[in-house]
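Below is one structure; the comments refer to it alone.
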Amino acid sequence: YKFINSVLYNYNEDSGLTGYIDYNLYLNSLKDIKNIDENEKILISNIYPIMANHVKNNLKFNEKGYSLFVKRVKEIQKIREEEALKIEEEFLKKIREKLNLKLGIAKVIDDEKIDEILSKIKF
């Protein structure tokens, strides 16, 4: 499910994912190979031997490749965490503004109370 969700939301935005999907579409004749462009040919010429060896259980561990993969995973995690933090900060800012606007008029609640309310919101 997570992979399908990723495909739906990231297709054409993530060239790695798009390339792998297109590889499978060409392989299974769901895209006409007559329409393949040069960049797709280059990618497929590299993916196919790897996948063929994977199917035959002939792949060998590539330490450098795995190290680069782990590095990229960490980079993506950091980017997602930073994006989530930005969203959270923006959300809290908007809530604070709304609370100040609605409650500040009557001076019913002070900034400390607003901070207490916001601290109870879980993300």
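The values are calculated or read from the model by the stated rules, or taken from the named source; none is laboratory data. Keep in mind that what you see is a predicted model, and the values were worked out from it rather than measured. For neighbour counting, all protein chains shown are included, and Cβ atoms are generated from backbone atoms with ideal geometry for every residue, glycine included.
Quick look at the numbers
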item	result
Top-ranked residue of segment 1-41 - restricted to ones that are aliphatic (A, V, I, L, M) and in a helix (DSSP H, G or I), ranked as surrounded by the most Cβ atoms within 10 Å (Cβ to Cβ)	ILE21
Residue match in segment 56-68 (condition: under 30 Å from ASP115 (Cα atoms), assigned by TED's automatic domain parsing to the domain that holds ASP115 and assigned to a helix (DSSP H, G or I))	no
Test: PHE61 is loosely packed, with under 10 Cβ neighbours inside 10 Å, at pLDDT 95 or above and farther than 20 Å from PHE3 by Cα	yes
Residue identified as surrounded by 12 or more Cβ atoms within 10 Å (Cβ to Cβ) and in a helix (DSSP H, G or I) among ILE76, ILE44	ILE44
Residue check for GLU83: modelled with pLDDT of 95 or more and of a type in the set (D, E, K, R)	no
